[in-house]
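Reading through the structure tokens given below for one structure.
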Amino acid sequence: MIKKSLLVSSVLALTISTAAVAQPLICPFTDHFTIQGPAPTLIKDLSTDGNINATIINEAYFTTSCKSNTSTSSGHAYVTVAHNDGSCLLTILDGPYESNPTVTSIVCTGNFRYVGMDHTKGSYNYTLKFA
């Protein structure tokens, strides 16, 4: 009886530890970015570095997510948004341990400018605003 209990306990412990190892750290996550500005304000380019993937969904909407589900590192999304003769290049720091994405660099040309980011608390939805 003791051998049987020991065997069942060992198998149960192995199953629990295997399940715990297979779980990702805190990825996957997906942040959703909407572009808002005077028409036509459009995403012209999007690239990343580090542990971030980014996908353009349409001309005014993109997402970021983990590149690796087991890495804790952050990364940057580089998005170029354009309107008529002006454009803005934003660098956005994002990652699994970033509470919220942060715009860390802004370079604008022409009369086009970045005016801020709105965030609905408790969501993964962000609005990048331009004027």
Q.
Between a residue in region 114-131 that is of a type in the set (S, T, N, Q) and any residue that is not in a loop (DSSP other than H, G, I, E, B), which pairs come within a Cβ distance under 7 Å, given they are 6 or more apart or on different chains?
A. 125/32; 127/34; 127/36; 127/117; 127/118
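Residue by residue, here is whether (1) of a type in the set (Gly, Ala, Ser); (2) over 15 Å from the mean Cα position of the chain (by Cα) holds:
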site: 45; (1), (2): no, yes
site: 48; (1), (2): no, no
site: 62; (1), (2): no, no
site: 67; (1), (2): no, no
site: 79; (1), (2): no, no
site: 82; (1), (2): yes, yes
site: 89; (1), (2): no, yes
site: 108; (1), (2): no, yes
site: 112; (1), (2): no, yes
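Let's see how each residue does on (1) loosely packed, with under 12 Cβ neighbours inside 10 Å; (2) in contact with a Phe, Trp or Tyr (Cβ under 8 Å, 6 or more places away or on another chain); (3) assigned to a loop (DSSP other than H, G, I, E, B); (4) among the hydroxyl-bearing types (Ser, Thr, Tyr):
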{"position": "65", "(1), (2), (3), (4)": "no, yes, no, yes"}
{"position": "68", "(1), (2), (3), (4)": "no, no, yes, yes"}
{"position": "71", "(1), (2), (3), (4)": "no, no, yes, yes"}
{"position": "82", "(1), (2), (3), (4)": "no, yes, no, no"}
{"position": "117", "(1), (2), (3), (4)": "no, yes, no, no"}
Q: Provide a single number: the residues in region 32-53 that are surrounded by fewer than 19 Cβ atoms within 10 Å (Cβ to Cβ), among the polar types (S, T, N, Q) and touching a residue at least 40 places away in the same chain (Cβ under 8 Å).
A: 2
Q) Filter region 91-106 for residues that are over 11 Å from the mean Cα position of the chain (by Cα) and hydroxyl-bearing (Ser, Thr, Tyr); which is surrounded by the most Cβ atoms within 10 Å (Cβ to Cβ)? A) 91
Q | Residues of region 90-108 classified as in contact (Cβ under 8 Å) with a residue 24 or more places away in the chain, more than 11 Å from residue 130 (Cβ to Cβ) and either charged (D, E, K, R) or part of a strand (DSSP E or B) (or both), total | A | 5
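Bear in mind that the values in this text are calculations on the coordinates, not laboratory data. Small disclaimer: the values here were computed from a predicted structure and weren't measured. Glycine gets a Cβ as well: all are built from the backbone with ideal geometry, and neighbour counts include every protein chain shown.
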